Amino acid sequence: MMILKRIPTVLSNYQEAAEPRRCGRNCLGKCCLPISKLPLYAFNGDANPRNSSFGVDETPPDFFLNSLLLAQWEDRMSRGLFRYDVTACETKVIPGEYGFIAQLNEGRHLKKRPTEFLIDRVLQPFDPAKFNFTKVGQEEVLLCFGAGEGGKACFLESAPVGEDNSPNVVAINVSPIEYGHVLLIPLVLDHLPQRIDPDSFLLALHMAVEAGSPYFRLGYNSLGAFATINHLHFQAYFLSMPFPVERAPTQRVPIAKGLLCHGGVKISLLLNYPVRGLVYEGGTSLKDLSDVVSKSCMCLQENNIPFNVLISDSGWRIFLFPQCYAEKQALGEVSEEILETRVNPAVWEISGHMVLKRKKDFEEATEQYAWRLLAEVSLSEARFKEVKDYIFGAIGLEESKKENIKLEEKKETSFQSSAPIVRATCNLAEGCLVLQ
(Lines give C-alpha, C1' and ligand atoms only; values in the text may rest on other atoms or scores of the structure.)
Protein backbone atom coordinates (compact mmCIF):
# COMPACT_ATOMS: atom_id res chain seq x y z
CA MET A 1 0.00 0.00 0.00
CA MET A 2 1.22 3.51 -0.82
CA ILE A 3 1.23 5.90 2.12
CA LEU A 4 0.84 9.65 1.91
CA LYS A 5 2.55 11.61 4.65
CA ARG A 6 0.58 14.73 5.47
CA ILE A 7 0.84 17.73 7.72
CA PRO A 8 -2.82 18.05 8.75
CA THR A 9 -4.61 21.20 9.73
CA VAL A 10 -4.82 21.64 13.48
CA LEU A 11 -8.47 22.51 14.09
CA SER A 12 -8.49 22.59 17.88
CA ASN A 13 -6.07 23.48 20.68
CA TYR A 14 -6.67 20.00 22.10
CA GLN A 15 -5.78 18.13 18.92
CA GLU A 16 -2.19 17.56 20.06
CA ALA A 17 -2.94 16.69 23.68
CA ALA A 18 -0.82 13.78 24.89
CA GLU A 19 -3.69 12.35 26.95
CA PRO A 20 -7.45 12.43 26.40
CA ARG A 21 -9.36 15.01 28.39
CA ARG A 22 -11.03 13.63 31.50
CA CYS A 23 -14.42 14.26 33.08
CA GLY A 24 -14.68 17.70 34.66
CA ARG A 25 -12.36 19.50 32.25
CA ASN A 26 -15.23 21.16 30.37
CA CYS A 27 -14.89 19.31 27.07
CA LEU A 28 -17.50 18.40 24.44
CA GLY A 29 -17.51 14.73 25.41
CA LYS A 30 -20.21 12.78 27.22
CA CYS A 31 -18.37 13.33 30.48
CA CYS A 32 -18.91 17.12 30.44
CA LEU A 33 -21.28 18.31 27.70
CA PRO A 34 -24.61 16.84 28.95
CA ILE A 35 -24.34 18.78 32.24
CA SER A 36 -23.25 22.00 30.55
CA LYS A 37 -25.05 25.14 29.44
CA LEU A 38 -24.19 26.75 26.10
CA PRO A 39 -25.60 29.56 23.93
CA LEU A 40 -28.34 28.24 21.64
CA TYR A 41 -29.56 29.66 18.34
CA ALA A 42 -32.76 27.96 17.15
CA PHE A 43 -33.77 28.74 13.58
CA ASN A 44 -37.24 28.38 12.12
CA GLY A 45 -37.03 24.89 10.71
CA ASP A 46 -40.57 24.96 9.28
CA ALA A 47 -40.13 28.05 7.15
CA ASN A 48 -38.35 28.43 3.85
CA PRO A 49 -36.72 31.87 4.11
CA ARG A 50 -34.39 33.42 1.58
CA ASN A 51 -32.79 35.39 4.38
CA SER A 52 -32.94 35.40 8.18
CA SER A 53 -35.79 33.70 10.02
CA PHE A 54 -36.45 36.77 12.17
CA GLY A 55 -39.43 39.01 11.57
CA VAL A 56 -39.42 42.79 11.19
CA ASP A 57 -40.21 43.49 14.84
CA GLU A 58 -37.76 40.96 16.22
CA THR A 59 -33.98 40.72 16.36
CA PRO A 60 -32.27 42.41 13.34
CA PRO A 61 -31.72 40.24 10.25
CA ASP A 62 -27.92 40.41 10.63
CA PHE A 63 -28.07 39.19 14.22
CA PHE A 64 -26.91 35.62 13.55
CA LEU A 65 -23.90 36.58 11.44
CA ASN A 66 -22.72 39.79 13.09
CA SER A 67 -23.85 39.58 16.71
CA LEU A 68 -23.26 35.88 17.18
CA LEU A 69 -20.80 34.30 14.78
CA LEU A 70 -18.44 37.17 14.01
CA ALA A 71 -18.69 38.99 17.34
CA GLN A 72 -18.10 35.79 19.29
CA TRP A 73 -15.28 34.79 16.93
CA GLU A 74 -13.59 38.14 17.63
CA ASP A 75 -14.05 37.52 21.36
CA ARG A 76 -12.16 34.22 21.07
CA MET A 77 -9.45 36.01 19.11
CA SER A 78 -9.07 38.60 21.88
CA ARG A 79 -8.73 35.73 24.37
CA GLY A 80 -5.79 34.29 22.45
CA LEU A 81 -7.40 30.99 21.43
CA PHE A 82 -6.08 31.06 17.85
CA ARG A 83 -2.67 29.83 16.78
CA TYR A 84 -1.99 32.97 14.75
CA ASP A 85 -3.70 36.21 13.75
CA VAL A 86 -5.26 35.47 10.37
CA THR A 87 -6.40 39.09 10.02
CA ALA A 88 -2.72 40.03 9.65
CA CYS A 89 -2.20 37.68 6.70
CA GLU A 90 -1.51 39.40 3.40
CA THR A 91 -4.24 38.93 0.81
CA LYS A 92 -4.39 40.02 -2.82
CA VAL A 93 -6.26 39.39 -6.05
CA ILE A 94 -4.02 37.71 -8.63
CA PRO A 95 -4.08 39.73 -11.88
CA GLY A 96 -5.97 38.02 -14.69
CA GLU A 97 -9.38 37.16 -16.04
CA TYR A 98 -10.51 34.94 -13.16
CA GLY A 99 -9.52 37.04 -10.14
CA PHE A 100 -8.06 34.22 -8.07
CA ILE A 101 -7.52 35.33 -4.48
CA ALA A 102 -4.14 34.60 -2.86
CA GLN A 103 -3.45 34.65 0.86
CA LEU A 104 -0.04 34.27 2.52
CA ASN A 105 -0.67 32.11 5.59
CA GLU A 106 2.69 30.88 6.84
CA GLY A 107 1.28 30.03 10.26
CA ARG A 108 -0.87 27.31 8.81
CA HIS A 109 2.27 25.45 7.77
CA LEU A 110 4.69 26.25 10.60
CA LYS A 111 2.40 25.75 13.58
CA LYS A 112 1.40 22.14 13.24
CA ARG A 113 3.08 18.79 13.63
CA PRO A 114 3.54 15.99 11.05
CA THR A 115 1.02 13.15 11.25
CA GLU A 116 0.63 9.99 9.19
CA PHE A 117 -2.79 9.41 7.61
CA LEU A 118 -3.46 5.99 6.12
CA ILE A 119 -6.85 6.83 4.64
CA ASP A 120 -7.54 4.97 1.42
CA ARG A 121 -11.33 5.08 1.50
CA VAL A 122 -13.79 7.96 1.36
CA LEU A 123 -15.97 6.25 3.96
CA GLN A 124 -14.24 5.20 7.18
CA PRO A 125 -15.71 4.21 10.55
CA PHE A 126 -15.33 6.68 13.38
CA ASP A 127 -12.22 5.96 15.47
CA PRO A 128 -12.50 7.30 19.04
CA ALA A 129 -8.76 6.76 19.54
CA LYS A 130 -7.97 9.53 17.04
CA PHE A 131 -8.59 13.21 17.55
CA ASN A 132 -12.26 14.13 17.33
CA PHE A 133 -14.33 17.13 18.27
CA THR A 134 -15.57 15.74 21.58
CA LYS A 135 -12.07 16.55 22.86
CA VAL A 136 -12.50 20.26 22.10
CA GLY A 137 -12.75 22.61 25.06
CA GLN A 138 -16.03 24.47 25.47
CA GLU A 139 -14.18 27.79 25.36
CA GLU A 140 -13.77 27.14 21.61
CA VAL A 141 -17.55 26.81 21.14
CA LEU A 142 -19.55 29.82 19.94
CA LEU A 143 -23.05 28.35 20.11
CA CYS A 144 -25.33 25.40 19.52
CA PHE A 145 -27.39 25.54 16.31
CA GLY A 146 -30.62 23.70 15.58
CA ALA A 147 -34.23 23.88 14.45
CA GLY A 148 -36.63 25.62 16.80
CA GLU A 149 -40.35 25.28 17.29
CA GLY A 150 -43.35 27.57 16.90
CA GLY A 151 -42.43 29.14 13.58
CA LYS A 152 -39.91 31.65 14.98
CA ALA A 153 -36.18 31.75 15.49
CA CYS A 154 -34.85 32.47 18.95
CA PHE A 155 -31.57 32.83 20.82
CA LEU A 156 -30.80 31.78 24.38
CA GLU A 157 -27.57 32.98 25.96
CA SER A 158 -27.44 29.91 28.20
CA ALA A 159 -29.35 26.73 27.51
CA PRO A 160 -28.87 23.32 29.13
CA VAL A 161 -27.68 20.58 26.79
CA GLY A 162 -29.24 17.67 28.67
CA GLU A 163 -28.50 13.98 28.93
CA ASP A 164 -30.53 12.94 25.87
CA ASN A 165 -29.41 15.69 23.52
CA SER A 166 -26.55 15.56 21.03
CA PRO A 167 -26.26 19.19 19.93
CA ASN A 168 -25.08 20.69 16.68
CA VAL A 169 -22.09 22.79 17.72
CA VAL A 170 -20.45 25.80 16.04
CA ALA A 171 -16.83 26.14 17.16
CA ILE A 172 -13.82 28.16 16.08
CA ASN A 173 -11.13 26.70 13.84
CA VAL A 174 -7.97 27.56 15.79
CA SER A 175 -5.93 27.46 12.53
CA PRO A 176 -8.21 29.79 10.54
CA ILE A 177 -8.02 30.38 6.81
CA GLU A 178 -10.00 33.62 6.97
CA TYR A 179 -11.89 35.99 9.20
CA GLY A 180 -14.71 34.27 11.07
CA HIS A 181 -13.51 30.73 10.24
CA VAL A 182 -15.75 28.31 12.15
CA LEU A 183 -16.71 24.65 12.17
CA LEU A 184 -20.27 23.31 12.14
CA ILE A 185 -20.25 19.93 13.89
CA PRO A 186 -23.62 18.13 13.63
CA LEU A 187 -24.70 15.95 16.57
CA VAL A 188 -21.27 16.13 18.16
CA LEU A 189 -21.91 13.38 20.72
CA ASP A 190 -23.06 10.87 18.09
CA HIS A 191 -19.51 10.38 16.77
CA LEU A 192 -20.56 10.65 13.13
CA PRO A 193 -17.73 10.01 10.65
CA GLN A 194 -16.98 12.48 7.85
CA ARG A 195 -19.79 11.58 5.51
CA ILE A 196 -22.71 13.55 4.07
CA ASP A 197 -26.29 12.61 4.98
CA PRO A 198 -29.54 14.47 4.20
CA ASP A 199 -30.09 15.84 7.71
CA SER A 200 -26.60 17.20 8.22
CA PHE A 201 -26.48 18.77 4.78
CA LEU A 202 -29.83 20.50 5.29
CA LEU A 203 -28.49 21.81 8.61
CA ALA A 204 -25.51 23.35 6.77
CA LEU A 205 -27.84 25.02 4.27
CA HIS A 206 -29.90 26.47 7.12
CA MET A 207 -26.73 27.95 8.61
CA ALA A 208 -25.97 29.66 5.29
CA VAL A 209 -29.54 30.96 5.10
CA GLU A 210 -29.41 32.32 8.64
CA ALA A 211 -26.13 34.13 7.93
CA GLY A 212 -27.92 35.82 5.04
CA SER A 213 -24.74 37.06 3.35
CA PRO A 214 -23.25 35.99 0.00
CA TYR A 215 -19.83 36.59 1.56
CA PHE A 216 -20.30 33.86 4.19
CA ARG A 217 -19.78 30.46 2.59
CA LEU A 218 -19.73 26.92 3.93
CA GLY A 219 -17.50 24.18 2.59
CA TYR A 220 -17.15 20.43 2.96
CA ASN A 221 -14.15 18.18 2.25
CA SER A 222 -14.59 14.42 2.09
CA LEU A 223 -11.91 12.00 3.17
CA GLY A 224 -9.61 11.71 0.19
CA ALA A 225 -10.24 15.38 -0.64
CA PHE A 226 -8.24 16.88 2.24
CA ALA A 227 -10.52 16.39 5.20
CA THR A 228 -8.03 15.65 7.99
CA ILE A 229 -10.49 14.82 10.80
CA ASN A 230 -12.84 11.86 10.45
CA HIS A 231 -15.58 13.46 12.53
CA LEU A 232 -18.45 15.04 10.61
CA HIS A 233 -17.95 18.78 10.15
CA PHE A 234 -18.46 21.64 7.71
CA GLN A 235 -16.26 24.72 7.56
CA ALA A 236 -17.30 28.33 6.99
CA TYR A 237 -15.84 31.82 6.91
CA PHE A 238 -16.45 35.39 5.77
CA LEU A 239 -14.65 36.96 2.79
CA SER A 240 -16.07 40.08 1.13
CA MET A 241 -15.12 39.10 -2.41
CA PRO A 242 -16.82 36.81 -4.93
CA PHE A 243 -14.92 33.58 -5.40
CA PRO A 244 -13.76 32.98 -8.98
CA VAL A 245 -15.91 29.85 -9.24
CA GLU A 246 -19.00 31.89 -8.36
CA ARG A 247 -18.35 34.08 -11.38
CA ALA A 248 -17.65 31.26 -13.83
CA PRO A 249 -20.16 30.56 -16.62
CA THR A 250 -22.37 27.48 -16.43
CA GLN A 251 -24.41 25.43 -18.87
CA ARG A 252 -27.68 23.95 -17.70
CA VAL A 253 -28.03 20.20 -18.09
CA PRO A 254 -31.25 19.43 -20.02
CA ILE A 255 -33.32 16.86 -18.17
CA ALA A 256 -35.65 14.49 -20.00
CA LYS A 257 -37.46 13.31 -16.89
CA GLY A 258 -37.23 13.35 -13.13
CA LEU A 259 -36.81 17.08 -12.60
CA LEU A 260 -40.31 17.66 -11.28
CA CYS A 261 -39.73 15.00 -8.65
CA HIS A 262 -36.86 17.09 -7.31
CA GLY A 263 -38.67 20.36 -6.70
CA GLY A 264 -37.44 22.12 -9.81
CA VAL A 265 -33.78 22.11 -8.79
CA LYS A 266 -31.62 23.26 -11.70
CA ILE A 267 -28.36 21.39 -12.38
CA SER A 268 -25.62 22.91 -14.52
CA LEU A 269 -22.12 22.13 -15.68
CA LEU A 270 -19.32 24.45 -14.63
CA LEU A 271 -17.56 25.80 -17.72
CA ASN A 272 -14.28 27.56 -18.46
CA TYR A 273 -12.90 26.66 -15.04
CA PRO A 274 -9.89 24.46 -14.20
CA VAL A 275 -11.90 22.02 -12.06
CA ARG A 276 -14.92 20.25 -13.55
CA GLY A 277 -17.99 20.36 -11.36
CA LEU A 278 -21.76 20.42 -11.06
CA VAL A 279 -23.79 23.42 -9.91
CA TYR A 280 -27.13 23.02 -8.13
CA GLU A 281 -29.52 25.91 -7.52
CA GLY A 282 -33.14 26.86 -7.13
CA GLY A 283 -35.88 24.51 -6.08
CA THR A 284 -39.21 25.16 -4.43
CA SER A 285 -37.78 24.66 -0.95
CA LEU A 286 -34.44 24.44 0.81
CA LYS A 287 -35.16 20.79 1.55
CA ASP A 288 -35.69 19.99 -2.14
CA LEU A 289 -32.31 21.48 -2.96
CA SER A 290 -30.67 19.74 -0.02
CA ASP A 291 -32.13 16.35 -0.93
CA VAL A 292 -30.79 16.48 -4.50
CA VAL A 293 -27.30 17.57 -3.48
CA SER A 294 -27.00 15.24 -0.50
CA LYS A 295 -28.05 12.24 -2.63
CA SER A 296 -25.42 13.27 -5.17
CA CYS A 297 -22.76 13.38 -2.45
CA MET A 298 -23.86 10.05 -1.04
CA CYS A 299 -23.50 8.53 -4.50
CA LEU A 300 -19.89 9.73 -4.64
CA GLN A 301 -19.21 8.40 -1.14
CA GLU A 302 -20.58 4.99 -1.99
CA ASN A 303 -18.49 4.85 -5.16
CA ASN A 304 -15.33 5.87 -3.26
CA ILE A 305 -14.92 9.12 -5.19
CA PRO A 306 -13.41 12.01 -3.15
CA PHE A 307 -15.25 15.32 -3.44
CA ASN A 308 -15.56 18.87 -2.17
CA VAL A 309 -18.68 21.03 -1.76
CA LEU A 310 -19.09 24.81 -1.69
CA ILE A 311 -22.34 26.25 -0.32
CA SER A 312 -22.78 29.70 -1.84
CA ASP A 313 -25.40 32.45 -2.31
CA SER A 314 -26.76 32.18 1.24
CA GLY A 315 -27.44 28.47 0.82
CA TRP A 316 -29.20 28.57 -2.55
CA ARG A 317 -26.31 27.73 -4.90
CA ILE A 318 -24.08 24.70 -4.39
CA PHE A 319 -20.98 23.54 -6.23
CA LEU A 320 -19.97 19.87 -6.21
CA PHE A 321 -16.43 18.94 -7.25
CA PRO A 322 -15.39 15.28 -7.61
CA GLN A 323 -11.58 15.28 -7.43
CA CYS A 324 -8.51 13.06 -7.78
CA TYR A 325 -5.50 15.08 -6.54
CA ALA A 326 -4.50 12.69 -3.73
CA GLU A 327 -4.60 9.73 -6.09
CA LYS A 328 -2.46 11.52 -8.69
CA GLN A 329 -0.04 12.63 -6.00
CA ALA A 330 0.35 9.08 -4.68
CA LEU A 331 1.00 7.82 -8.20
CA GLY A 332 3.70 10.45 -8.76
CA GLU A 333 1.71 12.30 -11.41
CA VAL A 334 1.91 15.78 -9.82
CA SER A 335 4.92 17.95 -10.67
CA GLU A 336 7.55 18.68 -8.02
CA GLU A 337 7.04 22.40 -8.58
CA ILE A 338 3.45 22.13 -7.38
CA LEU A 339 4.23 19.64 -4.60
CA GLU A 340 6.87 21.93 -3.12
CA THR A 341 4.25 24.61 -2.42
CA ARG A 342 2.56 22.18 0.03
CA VAL A 343 -0.82 23.55 -1.00
CA ASN A 344 -3.62 21.10 -0.30
CA PRO A 345 -6.32 21.86 -2.90
CA ALA A 346 -9.47 21.47 -0.83
CA VAL A 347 -12.78 23.32 -1.19
CA TRP A 348 -11.44 26.84 -0.62
CA GLU A 349 -8.55 26.50 -3.07
CA ILE A 350 -10.80 24.86 -5.65
CA SER A 351 -13.24 27.76 -5.28
CA GLY A 352 -10.42 30.20 -6.06
CA HIS A 353 -9.15 31.26 -2.62
CA MET A 354 -5.53 30.09 -2.74
CA VAL A 355 -3.99 29.68 0.72
CA LEU A 356 -0.23 29.86 0.13
CA LYS A 357 2.32 28.91 2.78
CA ARG A 358 5.52 30.40 1.34
CA LYS A 359 6.19 34.10 0.77
CA LYS A 360 7.91 33.29 -2.53
CA ASP A 361 4.78 31.59 -3.86
CA PHE A 362 2.61 34.50 -2.73
CA GLU A 363 4.79 37.16 -4.32
CA GLU A 364 5.14 35.25 -7.58
CA ALA A 365 1.56 33.96 -7.80
CA THR A 366 0.06 34.15 -11.27
CA GLU A 367 -3.23 33.09 -12.80
CA GLN A 368 -1.31 30.44 -14.77
CA TYR A 369 0.01 28.93 -11.52
CA ALA A 370 -3.47 28.84 -9.96
CA TRP A 371 -4.90 27.24 -13.08
CA ARG A 372 -2.10 24.65 -13.23
CA LEU A 373 -2.58 23.65 -9.60
CA LEU A 374 -6.35 23.33 -9.84
CA ALA A 375 -6.19 21.46 -13.15
CA GLU A 376 -4.37 18.69 -11.24
CA VAL A 377 -7.45 18.35 -9.03
CA SER A 378 -9.98 17.89 -11.81
CA LEU A 379 -11.24 14.61 -13.20
CA SER A 380 -10.63 14.05 -16.90
CA GLU A 381 -13.51 14.85 -19.24
CA ALA A 382 -14.28 11.16 -19.76
CA ARG A 383 -14.09 10.31 -16.07
CA PHE A 384 -16.23 13.31 -15.13
CA LYS A 385 -18.95 12.24 -17.57
CA GLU A 386 -18.90 8.78 -16.05
CA VAL A 387 -19.22 10.21 -12.54
CA LYS A 388 -22.02 12.54 -13.64
CA ASP A 389 -23.91 9.53 -14.96
CA TYR A 390 -23.47 7.79 -11.59
CA ILE A 391 -24.94 10.82 -9.85
CA PHE A 392 -27.88 11.23 -12.21
CA GLY A 393 -28.72 7.55 -11.83
CA ALA A 394 -28.65 7.89 -8.05
CA ILE A 395 -31.00 10.88 -7.97
CA GLY A 396 -33.34 9.51 -10.64
CA LEU A 397 -32.67 12.02 -13.43
CA GLU A 398 -32.32 11.28 -17.10
CA GLU A 399 -30.38 13.71 -19.25
CA SER A 400 -32.06 14.83 -22.45
CA LYS A 401 -30.41 13.96 -25.75
CA LYS A 402 -31.47 17.25 -27.23
CA GLU A 403 -29.04 20.07 -27.85
CA ASN A 404 -27.66 21.54 -24.63
CA ILE A 405 -29.23 24.66 -23.23
CA LYS A 406 -27.22 27.78 -24.04
CA LEU A 407 -24.41 29.05 -21.88
CA GLU A 408 -25.50 30.95 -18.80
CA GLU A 409 -23.38 33.67 -17.23
CA LYS A 410 -23.59 33.99 -13.47
CA LYS A 411 -25.45 37.23 -12.73
CA GLU A 412 -23.59 39.43 -10.27
CA THR A 413 -26.70 40.40 -8.33
CA SER A 414 -25.43 39.41 -4.89
CA PHE A 415 -21.89 40.73 -5.26
CA GLN A 416 -20.12 43.87 -6.19
CA SER A 417 -17.27 42.45 -8.21
CA SER A 418 -15.12 45.52 -7.70
CA ALA A 419 -15.41 45.39 -3.91
CA PRO A 420 -12.05 45.52 -2.09
CA ILE A 421 -10.90 42.69 0.15
CA VAL A 422 -11.88 43.74 3.65
CA ARG A 423 -12.71 41.94 6.85
CA ALA A 424 -16.04 42.44 8.55
CA THR A 425 -16.03 44.40 11.77
CA CYS A 426 -18.38 43.95 14.68
CA ASN A 427 -19.32 46.69 17.04
CA LEU A 428 -20.79 44.16 19.49
CA ALA A 429 -19.06 42.72 22.35
CA GLU A 430 -4.70 14.80 6.35
CA GLY A 431 -4.33 13.26 3.39
CA CYS A 432 -5.24 9.99 1.66
CA LEU A 433 -4.94 7.64 -1.22
CA VAL A 434 -8.01 6.58 -3.17
CA LEU A 435 -7.57 4.35 -6.19
CA GLN A 436 -10.35 3.61 -8.61
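The values are calculated or read from the model by the stated rules, or taken from the named source; none is laboratory data. Computed from a predicted model, the values in this text were never measured in an experiment. Ideal geometry is used to build each Cβ from the backbone, glycine not excepted, and the neighbour counts take in all protein chains shown. We work out accessible area using only protein heavy atoms, side chains counted, and drop any ligands, DNA or RNA first. Shrake-Rupley method; radii C 1.70, N 1.55, O 1.52, S 1.80 Å.
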Among helices (runs of 4 or more DSSP H) completely within the range 269-365, the ones holding 1 or more residues that are in contact with a Ser or Thr (Cβ under 6 Å, 6 or more places away or on another chain) are 359-363
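Take the range 212-225 and flag every residue that is part of a loop (DSSP other than H, G, I, E, B) and more than 19 Å from residue 192 (Cβ to Cβ).
Our first condition is that a residue be part of a loop (DSSP other than H, G, I, E, B); within the range 212-225, this holds for 212-215, 222-225.
212, 213, 214, 215, listed by residue number.
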Residue pairs qualifying under the 8 Å Cβ cut-off, at least six apart or on distinct chains, with the first in the range 188-202 being within 21 Å of residue 120 (Cα to Cα) and aliphatic (A, V, I, L, M) and the second being modelled with pLDDT of 95 or more and in a helix (DSSP H, G or I), are 192/200; 196/294; 196/297; 196/298; 196/301
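Here's the yes/no breakdown for (1) over 27 Å from residue 84 (Cβ atoms); (2) at pLDDT 95 or above; (3) open to solvent by 10 Å² or more (accessible area, probe 1.4 Å):
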residue	(1), (2), (3)
165	yes, no, yes
180	no, yes, no
188	no, yes, no
200	yes, yes, no
206	yes, yes, yes
227	no, no, no
Scanning the range 337-367 residue by residue, those surrounded by 23 or more Cβ atoms within 10 Å (Cβ to Cβ), polar (S, T, N, Q) and closer than 23 Å to residue 95 by Cβ turn out to be 351
Taking the range 294-326 and keeping residues in contact with a Pro (Cβ under 8 Å, 6 or more places away or on another chain) and charged (D, E, K, R) leaves 295, 313
If we take the range 31-135, then strands (runs of 3 or more DSSP E) inside it with 3 or more residues that are at pLDDT 95 or above and open to solvent by less than 70 Å² (accessible area, probe 1.4 Å) are 37-43, 91-93, 101-104
Expected single match for open to solvent by less than 20 Å² (accessible area, probe 1.4 Å) and in contact with a Lys or Arg (Cβ under 6 Å, 6 or more places away or on another chain) among 334, 292 is 334
- Message: Among the residues of the range 368-384, are any surrounded by 16 or more Cβ atoms within 10 Å (Cβ to Cβ), in contact with a strand residue (DSSP E or B) (Cβ under 9 Å, 6 or more places away or on another chain), β-branched (Val, Ile, Thr) and in a helix (DSSP H, G or I)?
- Response: no
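Could you tell me whether residue 237 is under 30 Å from residue 381 (Cα atoms) and open to solvent by less than 20 Å² (accessible area, probe 1.4 Å)? Steps first, please.
Working: under 30 Å from residue 381 (Cα atoms): no; open to solvent by less than 20 Å² (accessible area, probe 1.4 Å): yes.
The answer is no for residue 237.
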Per the list (1) more than 20 Å from the chain's Cα centre (by Cα); (2) β-branched (Val, Ile, Thr); (3) open to solvent by less than 20 Å² (accessible area, probe 1.4 Å); (4) farther than 24 Å from residue 209 by Cβ, residue check on residue 255 breaks on (3)
